[in-house]
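The values are calculated or read from the model by the stated rules, or taken from the named source; none is laboratory data. This structure is a prediction, so every number in the text was calculated from the model and none was measured. Don't worry about glycine lacking a Cβ; one is built from the backbone with ideal geometry, like all the others, and counts go over all protein chains shown. Keep in mind that these areas ignore ligands, DNA and RNA; they rest on the heavy atoms of the full protein, side chains included. Shrake-Rupley method; radii C 1.70, N 1.55, O 1.52, S 1.80 Å.
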Amino acid sequence: MARLAGIHLPLSALPQTPAPTDDAEPGFRGPGGVHDRLASWICDLTTLHDLTERLGRTGTLDEALQETLRAGATLAGARRGLLSLSPADGTGPDRLVGLGLDHAELGAIETVPRSSASYARLLDALPGSGEPLTEIAHHNIPHDEGLAPRHREVAARLGFAASYALPLTADGHGRIGAAVWLYDEPGRPDERQRHLLALYLRQATTHLVNRMELTRAHSAVQAVHEGLLPSRLPRLPGVRIAVRHHTRPGGGGDFYDALPLPDDALGFAVGSVTGSGPSAVAAMGRLRAGLRAYAVMEGEDPVAVLSDLELLLRVTEPSRLATALFGYAEPHTRKLIVASAGNPPPLVLGPARAEFAETSLSAPLGMLACWEAPSVEIDLDPGETVLLYTEGLLQRSGEPMDRAFARLQAAAAGAGPAVRDDPEALADHVLHTVLPGTLQPHGAPEDVVLLVVRF
């Protein structure tokens, strides 16, 4: 038996084989048959070990699905395939990934009636509805009259003549999906290939379930996080607002807010709660809700707003710190009053300047016995813009703080007139200039919030 792979050798696909016969393993007969069988078993175990290790190194659900499909094709001797993830509990996530198939080809396969498509038949098979489907093999699709005409038509167009499908099942979760491997010529995997494939999928489905549960948890935290932030930004005469928010996968404590206040005023804030995960998200939600209440009652005095916020944090989260910047603006007069608690100063951008407002250096909320710092009043010229941001924007650049501040200032100053006139375009320009290629969520150590307010 030919070796599939060694520990340090690249894997190669098994050749497609016809139906097994009584003489499928002549090498196992005679004096050397036992040694040949042992050598084959060792080779198979080595292959499964190598493939399982590769699967264990995948970090996301999509990577795990692709690796499962690729390894299965190696074991089944196929060149192409598809995997449909569709958990039986209906809570998702649902995925359809292909190996050697582009989006158009996957779309063509989806047009095959579900009563004929192998993966759909496996997914639609319900427990207790007769004999459970453990595999579906079509050895010669062009001449299989039992298939739907559309099935044979798609197979002819995409150039596959045989298929082999298996369900993906896991203990405690039931059927979570199905995988189909496609062959260019009529045939099927032999008994040994099917056995190795079944052993591999037993381990792969356990890994997929773990990644699936992790994806569900991240999605739930993300949904709660987004629900605790403003669903839309206010629209007031004389002011336009844009925001960009990038959070780490587990959920972080950065927040922003903008709300209309009495007398056509505007209150806006950015800040961050220490920590990560659901507890930080919950603390952020409580802090932002308190900030909105204090802003409505005494928004014209940002120092009083942050003082009340500090008391709230001390009562509800005694072991947690937070930074915050709150601003009170009158758009018709372009008057802006700002107070900061450990948050970086706002950046004022106009035709003649790009400079940081000189807010007082103050401690974060929860650090001192009683927080208080003076507010700063900023007079804005027509057409000027204020950029508020959390410290993550500077920290994620990976540079020392002084250089990160200079980089942010240069990015804003380098924006063209058309970009400066559009808060949305300005927000994108600043982010992609300060953080080129570093906004991907995977492994990001800090949240990023950028709030752009143009008068």
Give me the distance in nm between label points sitting 7 Å out from Cα along the Cα-to-Cβ direction at Asp184 and Asn140, one decimal. 2.1 nm
Segment Thr111-Ala352, extension gain: residue separation times 0.36 nm, minus the distance between their alpha carbons: 80.8 nm
Scalar couplings 3J(HN,Hα) for segment 380-395 by Karplus 6.51 cos²θ - 1.76 cosθ + 1.60 (θ = phi - 60°), nearest whole Hz, x for Gly and Pro, are 9, 8, x, x, 8, 10, 10, 10, 10, 7, 9, 5, x, 4, 7, 5
Apportionment of accessible area to carbon and sulfur, the chain, percent (1.4 Å): 55 percent
Quote to one decimal, in nm, the extra length available between Thr433 and Glu399 on full extension: 0.36 nm per residue of separation minus the C-alpha distance between them. 10.9 nm
Would you mind working out the accessible area per residue for the chain, using a 1.4 Å probe, and quoting it in Å²? 47 Å²
Residue by residue, what Karplus-based ³J(HN,Hα) values in Hz, rounded to whole numbers, does segment 396-405 have, using 6.51, -1.76 and 1.60 with θ = phi - 60° and x for Gly and Pro? 6, 5, x, 9, x, 4, 5, 6, 5, 4
The Rg/Rh figure for segment 45-87, Cα atoms and Kirkwood Rh, to two decimals is 0.98
Separation in nanometres of the label points that stand 7 Å from Cα toward Cβ, at Thr206 and Thr46: 2.4 nm
Residue-span extension gain [Ala410 to Thr274] - 0.36 nm each, minus C-alpha spacing: 46.1 nm
Could you state the angle between the C-alpha long axis of helix 278-298 and the longest principal axis of the C-alpha atoms of the chain, as a value from 0 to 90 degrees rounded to the nearest 10? 30 degrees
Just to be sure I understand, if you calculate volume of the Cα convex hull per residue in Å³ for this structure, which of [x] 139; [y] 127; [z] 203 do you get? [z]
Equivalent-ellipsoid semi-axes of segment 250-346, from the Cα gyration tensor, Å, largest first: 24, 13, 11
Between Asn343, His103, Leu123, whose Cα lies farthest towards the positive end of the dipole of the chain when Lys and Arg beta carbons carry +1 and Asp and Glu beta carbons carry -1, centred on the Cα centre? Leu123
Where does helix 61-76 land angle-wise versus the long Cα axis of the chain, in degrees 0 to 90, nearest 10? 10 degrees
Taking the convex hull of Cα positions in segment 103-225, its mean projected area over all directions (nm²): 9.5 nm²
If R0 = 51 Å, then Ala220 and Arg37, at their Cβ-Cβ distance, give a FRET efficiency to the nearest 0.05 of 0.55
In debye, nearest 20: dipole of the chain around its Cα centre with unit charges on the Cβ of K, R (+) and D, E (-)? 840 debye
Compare the Cα positions of Leu380, Val281, Pro331 along the charge dipole of the chain (+1 at Cβ of Lys, Arg; -1 at Cβ of Asp, Glu; about the Cα centre) and return the one farthest towards the positive end. Val281
Charge-dipole axis of the chain as Lys and Arg at +1 and Asp and Glu at -1 on Cβ define it, positive-most pick from Leu158, Leu214, Gly56: Leu158
Only helical DSSP H runs with n ≥ 4 go in: add -39500 (n - 2.57) per run for the chain, normalise by residue count and round the 222 nm mean residue ellipticity to 500 deg cm²/dmol. -12000 deg cm²/dmol
On a 0 to 90° scale, report how tilted helix 33-56 is relative to the longest principal axis of the chain, with both axes built from alpha carbons and the result rounded to the nearest 10. 20 degrees
Using a simple charge model, +1 on the beta-carbon of Lys and Arg, -1 on the beta-carbon of Asp and Glu, nothing else, what dipole does segment 328-444 show about its Cα centre, in debye to the nearest 20? 280 debye
Rounded to 0.05, the calculated FRET efficiency for the beta carbons of Glu53 and Ala293 at R₀ = 51 Å is 0.40
